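Notes to accompany the following structure.
The values are calculated or read from the model by the stated rules, or taken from the named source; none is laboratory data. From a predicted model like this one, the values you see are computed outputs, not experimental measurements. Ideal geometry is used to build each Cβ from the backbone, glycine not excepted, and the neighbour counts take in all protein chains shown.
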Amino acid sequence: MTNPSPEQEHLEELAEDENDGAGSIPETEQSSEECDSTDSSEQDGDSGAGSEEDSPPSELEKVCQERDNFKDKWLRSVAELENFRKRTRREMAQSRERAMGDLAGRMIEVLDNLDRALDAIPDDQRETELTRGVEMVRTQFLDQLRGAGVEPLDPSGKPFDPHFHEALLEEPREDMEPGTVIEELIRGYRMGEVLVRASKVRVSKAPAPNADENSGDPESPSPGEDED
């Protein structure tokens, strides 16, 4: 019998190493496969003869069950945390909008007083320095409100909307559809989708029908009266 050559010995060693590596399984994968194999063995046992008594769960089965419970709790906690973050961001945005709306409502009252001051100035004093100064203050004040997102409403000629308008007067009009805003009496404002103050308006309504009784016919005597 001839001795193997060095090349043959090297090939045999490589083949032995490959066989040893193929039989090794990582610990995590092995534990997962063990849990899966345990579940499949339980299903096979359930489909078998029912005469055998249920055996207590093994240590591996307990570990696999705890793993599933912890995973379920973790998924629920992640979902609850994400919902909490969304709800918190939404509530903070709504609180900020309400606070800005309240502040804008108080500032609009100052703007109303500036408008009243300008309306009270006589026509012969419109070109004075004082009048132009008040107009400049009003314009700057309104620009600052617009920069904060506050915009005046423009309801004239539009259908009456109870969400943005408040009807103070009704006027019968034949040239308008009933429920149309004729005039804005007190200006309203909004900030985005938030109503700061509703517009006080005058609204059109259908004119009353003419009730012409007897329509101009001469009065006829009643059946019980004698004619002269």
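For every residue, the table says whether it meets (1) closer than 30 Å to Arg187 by Cβ; (2) assigned by TED's automatic domain parsing to the domain that holds Glu193; (3) without any contact (Cβ under 8 Å) to a residue 24 or more places away in the chain.
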residue: Asp68; (1), (2), (3): no, no, yes
residue: Asp72; (1), (2), (3): no, no, yes
residue: Arg85; (1), (2), (3): no, no, yes
residue: Glu91; (1), (2), (3): no, no, yes
residue: Glu97; (1), (2), (3): yes, no, no
residue: Leu103; (1), (2), (3): yes, no, yes
residue: Arg106; (1), (2), (3): yes, no, yes
residue: Leu118; (1), (2), (3): yes, no, yes
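Under 30 Å from Arg197 (Cα atoms) and at pLDDT below 90, is that true of Ala49?
It is false that Ala49 is under 30 Å from Arg197 (Cα atoms) and at pLDDT below 90.
Given the criterion under 35 Å from the mean Cα position of the chain (by Cα) and in a strand (DSSP E or B), identify the matching residue among Glu177, Glu183.
Among Glu177, Glu183, only Glu183 is under 35 Å from the mean Cα position of the chain (by Cα) and in a strand (DSSP E or B).
Just to be sure before I move on: is Ser24 loosely packed, with under 10 Cβ neighbours inside 10 Å, more than 30 Å from Arg146 (Cα to Cα), modelled with pLDDT of 55 or more and of a type in the set (Ser, Thr, Tyr) in the structure I sent?
No; evaluated as a whole, the condition is false for this residue.
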